[in-house]
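*Asks:* Handing you this structure, nothing more for now.
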Amino acid sequence: MSWQDMENKKREMYITNKVVEVEEMSRLEYVLSRGWELPEDEYDLKDERVYRVLYLDGYISMCPKDKFLEDARKLNNLDFGLALILMKRGFKLARRGWNGKGMFIYLVIGGNYPVQMGAIKEYADEKGTVKYNPYMAIKNVDNSISTWVPSVNDCLAEDWQVIGEEIDFHKILIREKVKEIMTR
């Protein structure tokens with residue numbers, strides 16, 4: 001296919017944000033790790049620093065380190081949009097700048113729950129449950145839980161971090177598969 005043919009093809013724009021695991025290596029090391037041979041026309045790039053990128057579904061790719069780092073962020077320096085994506089996947093998050101020790105936010109999954117307050121008893125179904133929508137909650141310093149709504153500063157901050165666990169690709173993959181099964 002010629003360059004002109006490629007330019008005439010319809011293209012679409014995307015923004016991606018995926019949780020991936022990376023390992024730095026040379027291009028040659030990457031190629032050899034895949035059981036391939038380095039093409040002759042890439043030999044002058046054999047020492048280029050690249051990342052082997054492991055995706056949640058097990059797919060593996062390679063990306064030049066400088067290109068990868070243009071858009072990638074470590075999981076301890078997130079903006080709120082990325083933090084929200086991880087919260088939807090079951091992770092606890094906190095701002096690095098929060099003063100309260102042990103505070104974090106998380107997503108409470110919606111569902112039908114037994115009526116706890118008389119004020120909503122009349123809205124209960126035949127099983128005595130009421131539908132609750134998902135909401136964000138915060139674990140406070142005194143170990144109490146409250147509903148939580150982000151401030152403008154929280155939304156614009158870039159110091160969000162995952163709390164309480166290392167990112168385990170196998171756990172994430174299992175969560176994604178369970179979520180997929182539950183939505184069928």
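*Asks:* So which residues in region 5-57 are in a loop (DSSP other than H, G, I, E, B) and either in contact (Cβ under 8 Å) with a residue 24 or more places away in the chain or in contact with a Gly (Cβ under 9 Å, 6 or more places away or on another chain) (or both)?
*Replies:* Keep residues of region 5-57 that are in a loop (DSSP other than H, G, I, E, B), which gives 9-20, 34-39, 46-48, 55-57.
Selection gives Asn17, Lys18, Val19, Val20, Arg34, Tyr55, Leu56, Asp57.
*Asks:* Also, I was wondering about something else. Among the candidates Glu126, Glu158, which residue alone is of a type in the set (Asp, Glu), part of a loop (DSSP other than H, G, I, E, B) and under 26 Å from Ile15 (Cβ atoms)? Before the answer, list the steps.
*Replies:* On the way: Glu126 fails: under 26 Å from Ile15 (Cβ atoms).
Checking each option against the conditions leaves just Glu158.
Matching residues to (1) open to solvent by 100 Å² or more (accessible area, probe 1.4 Å); (2) more than 29 Å from Gly100 (Cα to Cα); (3) out of contact with any Pro (no Cβ under 9 Å at 6 or more places or on another chain); (4) modelled with pLDDT of 95 or more:
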| position | (1), (2), (3), (4) |
| --- | --- |
| Tyr135 | no, no, yes, yes |
| Ile138 | no, no, yes, yes |
| Ser144 | no, no, yes, yes |
| Val149 | yes, no, yes, yes |
| Asp159 | no, no, yes, no |
| Glu166 | yes, no, yes, no |
| Leu173 | no, yes, yes, no |
| Val178 | no, yes, yes, no |
| Arg184 | yes, yes, yes, no |
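*Asks:* OK, next. In region 98-126, what residues are loosely packed, with under 10 Cβ neighbours inside 10 Å and under 28 Å from the mean Cα position of the chain (by Cα)?
*Replies:* Result: Asn99, Lys101.
*Asks:* Still on this model: Using the structure shown, decide if Asn76 is out of contact with any helix residue (DSSP H, G or I) (no Cβ under 6 Å at 6 or more places or on another chain), farther than 30 Å from Tyr132 by Cα, open to solvent by 60 Å² or more (accessible area, probe 1.4 Å) and not aromatic (Phe, Trp, Tyr). Spell out how you get there, then give the answer.
*Replies:* Numbers: out of contact with any helix residue (DSSP H, G or I) (no Cβ under 6 Å at 6 or more places or on another chain): yes; farther than 30 Å from Tyr132 by Cα: yes; open to solvent by 60 Å² or more (accessible area, probe 1.4 Å): yes; not aromatic (Phe, Trp, Tyr): yes.
Yes.
*Asks:* While we're on this one: Scan region 96-109 and tell me whether some residue there is in contact with a Phe, Trp or Tyr (Cβ under 7 Å, 6 or more places away or on another chain) and either farther than 30 Å from Thr16 by Cβ or not charged (D, E, K, R) (or both). Steps first, please.
*Replies:* Narrowing region 96-109 to residues in contact with a Phe, Trp or Tyr (Cβ under 7 Å, 6 or more places away or on another chain): 105, 108.
Okay, now just the ones that are also either farther than 30 Å from Thr16 by Cβ or not charged (D, E, K, R) (or both), so 105, 108.
Checked against the condition, which is being in contact with a Phe, Trp or Tyr (Cβ under 7 Å, 6 or more places away or on another chain) and either farther than 30 Å from Thr16 by Cβ or not charged (D, E, K, R) (or both), region 96-109 yields at least one hit.
*Asks:* Have a look at Gly81, Gly90, Gly58 and point out the one that is surrounded by fewer than 15 Cβ atoms within 10 Å (Cβ to Cβ) and over 15 Å from Thr16 (Cα atoms).
*Replies:* Working: Gly81 fails: over 15 Å from Thr16 (Cα atoms); Gly90 fails: surrounded by fewer than 15 Cβ atoms within 10 Å (Cβ to Cβ).
Matching residue, one of Gly81, Gly90, Gly58: Gly58.
The values are calculated or read from the model by the stated rules, or taken from the named source; none is laboratory data. What you see is a predicted model; the values in this text were computed from it and never measured. Cβ atoms come from the backbone with ideal geometry, glycine included; neighbour counts cover every protein chain shown. Heads up: the accessible areas ignore ligands, DNA and RNA and are worked out on the full protein's heavy atoms, side chains in. Shrake-Rupley method; radii C 1.70, N 1.55, O 1.52, S 1.80 Å.
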